[in-house]
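Below you'll find the structure, written out as structure tokens, and then a few comments.
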Amino acid sequence: MGKKAQEEIVGFVLIIVLVAIVGVVFLGIILRGGEEAGLSESIKFEKLLHSIETYTTECRYKGDLGYNTITDLTKDCIENNRACENNSTACIVLNNDLSEILNKTILIGEDSPNKYYELKILLFENNQSDTKIEIHNGACSGRRVGAETTPIDTNNGNIITSLEVCYLPQD
């Protein structure tokens with residue numbers, strides 16, 4: 001083989017290597033893009049949880065001037081399930097309000113990317129967890145993403161609210 005043929009083969013191999021490197025980089029960008037979409041969904045649901053925590057309910061305790069937030073009711077439901085002035089209890093109002101909020105904000109259905117959600121209020125005590133409230137809707141058939149609240153300290157332990165949503169990413 002001549003020197004010119006060897007130079008052409010080396011040039012051809014360099015082109016193949018360069019195309020392979022560009023392909024690997026392109027594939028990495030595409031795969032990482034899917035993770036970023038899941039991360040943005042997780043942040044969206046984390047913000048939703050924080051908004052839910054500050055929602056003011058229709059529960060007011062006898063002698064109190066103001067109405068309680070979801071965070072107040074969460075703590076009171078687990079500690080002593082106080083009675084509201086409207087003849088309901090902290091746990092009942094909490095469960096009803098959470099169900100209503102989730103049904104209005106995380107739409108589940110054929111035309112929705114959201115296929116399922118599950119909200120749990122967990123009490124962590126002595127390295128054990130106990131699910132105190134669980135609300136769910138739909139059937140999971142897609143990608144799962146979740147979020148949690150900052151722990152709430154109580155006399156009984158730490159309370160964490162977690163939200164998991166199954167969704168089909170939209171193109």
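Is there a residue in region 104-113 that is in a helix (DSSP H, G or I) and either at pLDDT below 75 or polar (S, T, N, Q) (or both)? Yes, region 104-113 contains at least one residue that is in a helix (DSSP H, G or I) and either at pLDDT below 75 or polar (S, T, N, Q) (or both).
Okay, residues lined up against (1) surrounded by fewer than 17 Cβ atoms within 10 Å (Cβ to Cβ); (2) under 24 Å from Ile108 (Cα atoms); (3) out of contact with any Pro (no Cβ under 9 Å at 6 or more places or on another chain):
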| site | (1), (2), (3) |
| --- | --- |
| Thr131 | yes, yes, yes |
| His136 | yes, yes, yes |
| Gly142 | yes, yes, no |
| Ala147 | no, yes, yes |
| Asp153 | yes, no, yes |
| Asn156 | yes, no, yes |
| Thr161 | no, yes, yes |
| Glu164 | no, yes, yes |
| Tyr167 | no, yes, no |
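Considering each of Gly34, Gly38, Gly28 in turn, give the residue that is more than 30 Å from Thr105 (Cα to Cα), out of contact with any helix residue (DSSP H, G or I) (no Cβ under 7 Å at 6 or more places or on another chain), assigned to a helix (DSSP H, G or I) and modelled with pLDDT under 75. Of the residues listed, the single one that is more than 30 Å from Thr105 (Cα to Cα), out of contact with any helix residue (DSSP H, G or I) (no Cβ under 7 Å at 6 or more places or on another chain), assigned to a helix (DSSP H, G or I) and modelled with pLDDT under 75 is Gly28. Candidates are the residues of region 59-85 that are surrounded by 13 or more Cβ atoms within 10 Å (Cβ to Cβ) and among the basic types (Lys, Arg); the one that is nearest to Ile133 (Cα to Cα) is Lys75. Within region 131-156, the set of residues being among the small types (Gly, Ala, Ser) and touching a helix residue (DSSP H, G or I) at 6+ places or on another chain (Cβ under 9 Å) comprises Gly146, Ala147. When region 85-99 is filtered for residues that are out of contact with any Lys or Arg (no Cβ under 9 Å at 6 or more places or on another chain) and not in a loop (DSSP other than H, G, I, E, B), the ones remaining, listed by number, are Ile92, Val93, Leu94, Asn95, Asn96, Asp97, Leu98, Ser99.
For region 116-157, a residue qualifies if it is more than 23 Å from Ile78 (Cβ to Cβ), part of a strand (DSSP E or B) and modelled with pLDDT under 90, and the qualifying residues are Arg143, Arg144, Val145.
Cβ separations smaller than 6 Å between residues 6+ apart or across chains give no pair from region 41-59 residues that are farther than 14 Å from Cys166 by Cα and acidic (Asp, Glu) to residues that are exposed (fewer than 14 other Cβ atoms within 10 Å of the Cβ) and at pLDDT 95 or above.
Evaluated against (1) of a type in the set (Lys, Arg); (2) in a loop (DSSP other than H, G, I, E, B); (3) within 19 Å of Leu163 (Cα to Cα), Lys62 falls short on exactly one condition, (3).
Would you confirm whether any residue within region 89-99 is of a type outside the set (Gly, Ala, Ser) and loosely packed, with under 13 Cβ neighbours inside 10 Å? No; the residues of region 89-99 include none that is of a type outside the set (Gly, Ala, Ser) and loosely packed, with under 13 Cβ neighbours inside 10 Å.
Could you tell me whether region 152-163 includes any residue that is in contact with a strand residue (DSSP E or B) (Cβ under 7 Å, 6 or more places away or on another chain) and more than 28 Å from Asn80 (Cβ to Cβ)? Checking region 152-163: not a single residue is in contact with a strand residue (DSSP E or B) (Cβ under 7 Å, 6 or more places away or on another chain) and more than 28 Å from Asn80 (Cβ to Cβ).
The values are calculated or read from the model by the stated rules, or taken from the named source; none is laboratory data. Fair warning: this is a prediction, and the values are worked out from it, not measured in the lab. FYI the Cβ positions are ideal-geometry reconstructions off the backbone, even for glycines, and counts take in every protein chain you see.
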